[in-house]
Every structure is written in C-alpha cells, then in structure tokens.
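This report refers to the structure that appears directly beneath it.
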Amino acid sequence: MQLLVATRNRHKLAEIMRIFKHDKLDLIAADDLAGLPADVEEDADTFEGNALKKARVLCDASGLWTMADDSGLEVDALNGAPGVYSARYAGQDCDCHANNLKLLSELKGTTNRTARFRCAIALCATDGREWLVNGACEGRITTAARGQNGFGYDPLFVPDGYVQSFAELDAGIKNKISHRAHALRLAAKEWKMLFI
C-alpha cells in the first residue's frame with residue numbers, strides 16, 4: 001500500500017522512513033505525484049489543525065492515505081509563542097536568522113526560558129477516517145545562538161538532559177530525542193494495525 005507523506009523535503013521523508021517502518025507500506029513524497037497542490041495554506045490556530053488540513057487536502061487530491069505533520073516552538077515566557085507562527089515569527093518572508101533574532105529580543109532579560117518543540121502528525125484515510133498523535137521535546141532557550149547543524153530554532157534550543165543546543169548535537173542524537181521522533185514512534189505504535 002502506498003502512503004503519501006505530505007512533504008517535498010527528501011530529508012524529512014528519509015527521517016520519517018527510518019522511524020515509521022511497516023512491511024505493508026511504501027512511503028512516497030508529495031513531489032512523487034503529479035497534479036498535487038504545491039502548498040497547503042497553514043492557517044489553523046493549532047499544530048493539530050494544520051496537520052489535519054494538509055493531510056485532508058492531499059488525501060483528497062491524491063486518492064491515497066496521507067500523513068502530514070506540523071511543528072514548531074512554544075516558549076513559556078511568551079505564552080506559547082511563536083507556536084504555529086514559528087516559521088514566520090519575524091514576518092511572512094523572514095528567514096531562520098531573523099526568527100532567532102526576534103526570539104532572543106523578546107526574551108531579553110527573561111529568566112524563565114523553558115520551551116518545547118511540538119509536533120502533531122495526522123493520518124487521513126480515503127474513506128474519511130482520521131487519526132492524530134503528538135510529540136514534544138522539552139528544553140530551554142539559550143541567550144545566544146550556538147552550533148552550525150540543524151535549522152530553524154535549533155541553535156537556540158537546548159533539550160532537557162543536554163548542555164548542547166540542537167545545532168551542536170550529533171544528528172543521530174537529535175533524531176532520537178526530537179519532537180518529530182517522539183510523534184513518529186507513537187504513530188508507528190498506534191497505527192500499526194491499520195496497515196495489516
């Protein structure tokens with residue numbers, strides 16, 4: 001059975017394939033099929049809402065069971081911001097560097113720097129059934145960017161139990177403890193029986 005993964009990012013697909021393994025599944029990316037929408041506007045106010053929307057739209061367009069995710073950073077001192085706006089925190093056409101600068105500016109002088117990366121993964125079947133799982137990685141925000149690996153807020157985020165930022169950690173470690181890894185492992189466990 002083919003399962004469409006709502007991404008055009010081959011690195012993300014490879015990460016998903018490493019964790020979400022199933023003998024009966026052939027995972028394919030959105031750019032493996034012609035005629036799918038180039039982008040789905042992520043306009044929901046929750047990660048779950050955005051993941052479900054992407055999965056529904058691409059499931060309807062492809063006629064295939066579809067899995068989609070949405071993720072971002074929640075900072076406690078900022079009441080959960082940037083949240084669903086993580087990718088565009090500093091503005092619609094901003095880059096990761098601008099987002100990081102804005103976050104550091106917003107937290108200047110703040111001692112409470114607890115935060116978490118969250119990931120919601122949705123699965124939509126062609127008959128309209130839907131499933132949803134969540135994963136999180138707790139940590140804290142540094143006072144300055146550290147490390148060259150990763151992307152997004154990785155240089156500012158130190159996961160609980162570590163002294164290195166996500167951008168300093170080995171990719172293998174990050175992929176074991178990340179919010180997406182937690183959500184994927186839960187999905188693989190909870191959804192396993194759906195694909196027999």
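Just so you know, all these numbers are worked out from the coordinates, no wet-lab data involved. None of these values were measured; they are calculated from a predicted model. Here the Cβ is made from the backbone with ideal geometry for all residues, glycine too, and neighbour counts use every protein chain on show.
Here the 3J(HN,Hα) profile of the stretch 37-47, calculated from phi with Karplus coefficients 6.51, -1.76 and 1.60 at θ = phi - 60°, is x, 5, 9, 10, 5, 8, 10, 6, 9, 9, 4 Hz, Gly and Pro shown as x. Taking the chain as a whole, the Cys residues whose C-beta sits 4.7 Å or farther from every other Cys C-beta are Cys94, Cys96, Cys119, Cys137. Using alpha carbons only, how many angstrom separate the centre of the stretch 130-170 from the centre of the stretch 29-81? Cα centroid to Cα centroid, the span is 21 Å. The phi torsions of the stretch 161-169, fed into the Karplus equation with coefficients 6.51, -1.76 and 1.60 and a -60° offset, translate into couplings of x, 10, 10, 8, 6, 4, 6, 9, 6 Hz, rounded to whole numbers, with Gly and Pro shown as x.
Of the cross-linked pairs Lys21/Lys102; Lys54/Lys174; Lys24/Lys176, those separated by over 29 Å at the C-alpha level are Lys21/Lys102. For the chain, the 222 nm mean residue ellipticity estimated from helices alone, with every DSSP H stretch of n ≥ 4 adding -39500 (n - 2.57) and the total spread over all residues, rounds to -8500 deg cm²/dmol. Scalar couplings 3J(HN,Hα) for the stretch 104-115, obtained by applying the Karplus form with A = 6.51, B = -1.76, C = 1.60 to θ = phi - 60°, are 4, 5, 5, 9, 4, x, 8, 8, 7, 10, 5, 7 Hz; x denotes Gly and Pro.
Modelled this way, with points 7 Å down the Cα-to-C-beta line, the labels at Met1 and Ile19 are 2.1 nm from one another. Ile196 to Asp31: FRET efficiency via 1/(1 + (r/R0)^6), r the Cβ-Cβ distance, R0 30 Å, to the nearest 0.05? After rounding to 0.05, the efficiency reads 0.55.
Kindly identify the chain as rounded, prolate or oblate by the Cα gyration tensor criterion: order the square roots of the eigenvalues as a ≥ b ≥ c, call it rounded if a/c is under 1.5, otherwise compare a/b with b/c, prolate if a/b is larger, else oblate. Prolate shape, in that a/c is at least 1.5 and a/b is the bigger ratio.
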